[in-house]
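Data block below; observations after.
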Amino acid sequence: MAWVLKMDDATIESGLVHDFDASLSGIGQELGAGAYSMSDVLALPIFKQEDSNLPPESKTKNPPFQYVLCAATSPAVKLHDETLTYLNQGQSYEIRMLDNRKAGELPELNNKMVKSTVRVVFHDRRLQYTEHQQLEGWKWNRPGDRLLDIDIPMSVGIVEPKTHPSQLNAAEFLWDMNKRTSVFVQVHCISTEFTPRKHGGEKGVPFRIQIDTFTQGDGGEYTEHLHSASCQIKVFKPKGADRKQKTDREKMEKRTPQEKEKYQPSYDTTILSECSPWPDAAYTSTSQAATPSFTSTPLSTYTTSSVLDRYFSLLFSEFIHFHGLVVSSVQQLSPAASIQDAQKWLLKNRFSSYTRLFSHFSGSDLLKLTRDDLVQICGPADGIRLFNALKSRSVRPRMTVYVCQESPQGSPLLERHCTIENGEHRSSASLHVYHALYLEELTAAELIRKIASVCDIPLGRIHQVYRQGPTGIHILLSDQMVYNLSDESCFLISTVKGKHMIPK
């Protein structure tokens, strides 16, 4: 038996509200107005246990140094993203070197000098892999320039500043932690110089300014790492950073208050955040690189002829490098090749600049890389070239023709019509075997030379070559005729008194 109770919606709603109010009516009656306290809740054992697991404030790690770049951060950066700072090319910017140690921390550094290396590096991982090639290309376009310099007259508290000719993106100096120290740096490369396409309006690639600080080791050299920090920057042409900062600020002013909450405020200075030290195998200009390089030679040793000779030799080597004027053919890399064999293969096929990058790759490892992988690692030009070399992709000939030498029994000037039936070549008289000739130059001399090779006829015995035209006329073979041949044409070769006929 089932019971059905019919009630209207208003009655049900009023009853539910009454029951809910009654269930809440007794809450808080046991506690007086002053009995409820958040401190009593936090004193519960469960909260005490969590607090005990947290490290005390005195035990939290404090970086020994802090570096502050005196340039404003961009206001168009979202809350959880890294700050971005715009710099002008060639302008001097102050970096304050601050001693951030607490009392009694690292006492062995008291009254001692430390060495810091400041460098500008790529922010994108793809460009970091090809840093050597990118910077060598930049140096080729701007010989004699550096990516990073220290403005020594404006700097304060630095000792023995050095810039190495082989490291165009780094500079080093000593400084005393107990004295006020500020180093002024100039970045001479702009972000759009490393974009793959340069048609105007591209977004420039971001850089990083990184500072690594070392102290003296047992041998007296500054090799013991203490601290590293970096920040993200973009470099514009003179006054371009100011315009970009103004544009970002105007864009933010047009946003609603709710949208502004998603972005960081702009700060007057940029604090470099802690990071891993830059690897020791950093960019160093070497003469073994595939791209041309410039060595640091005193100006007095140069003469006009030596400068011109060096310029034209570098220009010719660059032409050979980019246009692939190499006599030797690409040898196939075996999947069973060892790491040493893979290194030899890279050197033999003009990929010497990538031997360090692929120093742990065997033959099978290299062959597993896709075209997109190689483009990401090596850049578009060398990535496609390396992919084609690994797959042994030969260049397609400009024209292919098929020729067959007519049997001596046949009429020398008899025209043969070659037809295709079910994928097979058939002639009206007999079966002929054709040879493929691959033409690159599209000249009469090239065609005659290859005909002589296929027909096993000395080249010196061929005086003239004719093509049989309409109504049986003989047309002398010329460069223009070869150039206008149809690709994959079929021809029969007839010999008449030392002259060769090519029926149409």
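Things worth noting here:
- Within region 178-189, considering residues that are open to solvent by 10 Å² or more (accessible area, probe 1.4 Å) and not in a strand (DSSP E or B), the one modelled with the lowest pLDDT: ASN178
- Output for region 341-357, where each listed residue is crowded, with 17+ Cβ neighbours inside 10 Å and assigned to a helix (DSSP H, G or I): ALA342, GLN343, TRP345, LEU346, SER353, TYR354
- Of the residues making up region 451-461, those that are aliphatic (A, V, I, L, M) and under 17 Å from LEU439 (Cβ atoms) are ILE451, ALA452, VAL454, LEU459.
- Annotation note: Cβ proximity below 9 Å between a residue of region 468-480 that is under 20 Å from MET399 (Cβ atoms) and a residue that is part of a helix (DSSP H, G or I) and open to solvent by 50 Å² or more (accessible area, probe 1.4 Å) (sequence gap 6+ or interchain) occurs for ASP479/ALA445.
- Residue match in region 133-150 (condition: of a type outside the set (A, V, I, L, M), at pLDDT 90 or above and open to solvent by less than 10 Å² (accessible area, probe 1.4 Å)): no
- Single condition VAL235 does not satisfy, out of (1) in a loop (DSSP other than H, G, I, E, B); (2) over 22 Å from PHE65 (Cα atoms): (1)
- Top-ranked residue of region 231-287 - restricted to ones that are of a type in the set (Asp, Glu) and either farther than 27 Å from ARG125 by Cα or modelled with pLDDT of 90 or more (or both), ranked as least open to solvent (accessible area, probe 1.4 Å): ASP248
- Of all the residues in region 151-175, those that are charged (D, E, K, R) and modelled with pLDDT under 90 number 0.
- Answer residue from region 321-340, given it is open to solvent by less than 80 Å² (accessible area, probe 1.4 Å) and either assigned to a helix (DSSP H, G or I) or touching a Phe, Trp or Tyr at 6+ places or on another chain (Cβ under 6 Å) (or both) and is modelled with the lowest pLDDT among those: HIS321
- Restricting attention to region 476-495, the residues that are outside any loop (DSSP other than H, G, I, E, B) and surrounded by 13 or more Cβ atoms within 10 Å (Cβ to Cβ) total 11.
The values are calculated or read from the model by the stated rules, or taken from the named source; none is laboratory data. Here the structure is a predicted model, which means the values were calculated and not measured. Neighbour counts run over all protein chains shown; Cβ positions are idealised from the backbone, glycine included. Protein only, heavy atoms only, side chains kept; ligands, DNA and RNA dropped before computing areas. Shrake-Rupley method; radii C 1.70, N 1.55, O 1.52, S 1.80 Å.
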